[in-house]
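Have a look at the structure below before the remarks.
Please treat every number below as a calculation from the coordinates, not as lab data. Computed from a predicted model, the values in this text were never measured in an experiment. Heads up, the Cβs are rebuilt from the backbone with ideal geometry, glycines too, and the neighbour counts pull from every protein chain shown.
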Amino acid sequence: MRLQGKIAIVTGAGSGFGEGIAKRFAQEGCKVIVNDLRAEGGERVAREIAAAGGAARFVQADVSRDSDVARLIGSAIEAYGGLHIVVNNAGFTHRNRPMLEVSEEEFDRIYAVNVKGLFLSARHAVPHFRAQGGGCFVTIASTAGVRPRPGLTWYNGSKGAAIVTSRSMAAELGPDHIRVNCINPVIGETGLLETFMGMPDTPANRARFLAGIPLGRFTRPSDVASAALFLASDEAEFITGTCIEVDGGRCV
């Protein structure tokens with residue numbers, strides 16, 4: 001039980017990478033606040049964790065809204081008496097297409113979720129972490145922030161911002177014993193696969209993307225969950241400001 005006695009919030013945990021992280025944390029003894037904008041997925045994940053013997057509660061919140069994030073952070077403290085880990089997993093992207101075809105509304109939403117969400121989680125979690133003598137943030141960024149592909153320009157930029165922001169947070173918050181690390185998955189087997197590809201999910205189209213991944217497959221939620229578990233655990237107590245590429249060699 002590598003997270004026994006820990007309490008975590010996982011944003012965007014109603015599906016995909018977030019679901020995998022929330023379930024893995026619960027299996028390792030962590031009490032989890034399952035957050036998502038959509039109630040159906042979030043409630044399902046919380047129920048499945050509880051049915052497997054874990055501790056989880058669903059809290060619906062938009063990570064780009066200050067009042068929602070304040071309520072989200074407060075819900076962990078109210079429900080479980082504390083908070084040790086925040087996994088900033090919630091993300092948004094535009095469909096893969098030429099940069100000038102992306103609308104202003106899409107651009108604003110991408111940065112509101114992928115970047116402003118980090119600001120808001122820090123704004124409300126850091127005071128609590130400081131008061132208790134430490135804490136941990138794990139940002140789910142992307143290989144898009146270090147080796148961008150054409151067609152996802154504005155998403156790529158938001159993930160680059162998330163990486164630099166997280167590293168800067170690590171430098172500034174280190175004296176408070178607050179660790180901040182990133183995970184950079186490559187394109188994954190999630191509900192957003194076709195959006196990232198910008199084309200139908202066919203064997204031929206998959207092959208085009210898999211050609212750039214030396215290990216020959218997409219990222220799975222279990223891959224990201226394993227990396228997040230390590231970074232959130234006491235095994236990583238001297239690791240901060242780092243990015244782990246969970247990408248099958250894409251960034252080599």
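With kT/(6 pi eta Rh) evaluated at 4 °C and eta = 1.567 mPa s, and Rh the Kirkwood radius from Cα pairs, the chain diffuses with a coefficient of 72 µm²/s according to Stokes-Einstein.
Electrostatic tally near VAL34: other residues with Cβ closer than 13 Å to its Cβ, Lys and Arg +1, Asp and Glu -1, net +2.
Only Lys, Arg, Asp and Glu carry charge here, each on its Cβ (+1 for the first two, -1 for the last two); on that basis segment 1-56 has a dipole of about 180 debye about its Cα centre. Restricting segment 1-75 to GluC sites (Glu not before Pro) that sit in a DSSP loop and have at most 15 other Cβ atoms within 10 Å of their own Cβ leaves nothing. Dipole magnitude for segment 7-246: computed about the Cα centre from +1 point charges on Lys and Arg Cβ and -1 point charges on Asp and Glu Cβ, it is near 300 debye.
The length gained by stretching the chain between ARG109 and ALA39 to full extension, at 0.36 nm per residue less their Cα-Cα distance, is 23.3 nm.
Annotation: cysteines of the chain without a disulfide-compatible partner (Cβ-Cβ under 4.7 angstrom) are CYS30, CYS136, CYS251. In the chain, helical runs assigned H by DSSP with n ≥ 4 each contribute -39500 (n - 2.57); averaged across all residues and rounded to the nearest 500, the mean residue ellipticity at 222 nm is -13500 deg cm²/dmol.
Listed values for segment 228-245 are Karplus-derived 3J(HN,Hα) couplings in whole Hz (6.51 cos²θ - 1.76 cosθ + 1.60, θ = phi - 60°), namely 5, 4, 4, 5, 7, 8, 5, 4, 9, 4, 10, 10, 8, x, 9, 10, 9, 7, and x replaces Gly and Pro. Cross-link reach is defined here as a Cα-Cα straight distance under 16 Å, omitting same-chain residues fewer than 8 places apart; for LYS159 the aspartates and glutamates meeting it are GLU106, ASP108, GLU245, ASP247.
For segment 71-174, GluC sites (Glu not before Pro) meeting the loop criterion (DSSP other than H, G, I, E, B) and having at most 10 other Cβ atoms within 10 Å: none. Applying 1/(1 + (r/R0)^6) with R0 = 35 Å to the Cβ-Cβ distance of ALA52 and ASN205 gives a FRET efficiency near 0.50.
Simple rule: put +1 on each Lys or Arg Cβ and -1 on each Asp or Glu Cβ in segment 7-246, find the dipole, and look at SER121, PRO98, SER222; the Cα lying farthest toward the positive end is PRO98.
Test of understanding: given the chain, find the longest segment containing no trypsin sites (Lys or Arg not before Pro) that are in a DSSP loop and have at most 14 other Cβ atoms within 10 Å. The segment 39-216 is the longest one with no such site.
What does the charge dipole of segment 103-252 about its Cα centre add up to, to the nearest 20 debye, if the Cβ of each Lys and Arg holds +1 and the Cβ of each Asp and Glu holds -1?
Here the size comes out at about 240 debye.
Shown is the FRET efficiency for PHE230 and GLU101, computed with R0 = 45 Å from the Cβ-Cβ distance and rounded to the nearest 0.05: 0.70.
In percent, rounded to a whole number, the relative contact order of the chain is 20, using alpha-carbon pairs under 8 Å and six or more apart.
In segment 7-246, a dipole from Cβ-located charges (positive for Lys and Arg, negative for Asp and Glu) runs towards its positive end, and of GLY151, ALA46, ASN89 it is GLY151 whose Cα lies farthest in that direction.
By the count of other C-beta atoms within 10 Å, a proxy for reagent exposure, HIS124, HIS84, HIS177 are ordered fewest to most as HIS177, HIS124, HIS84.
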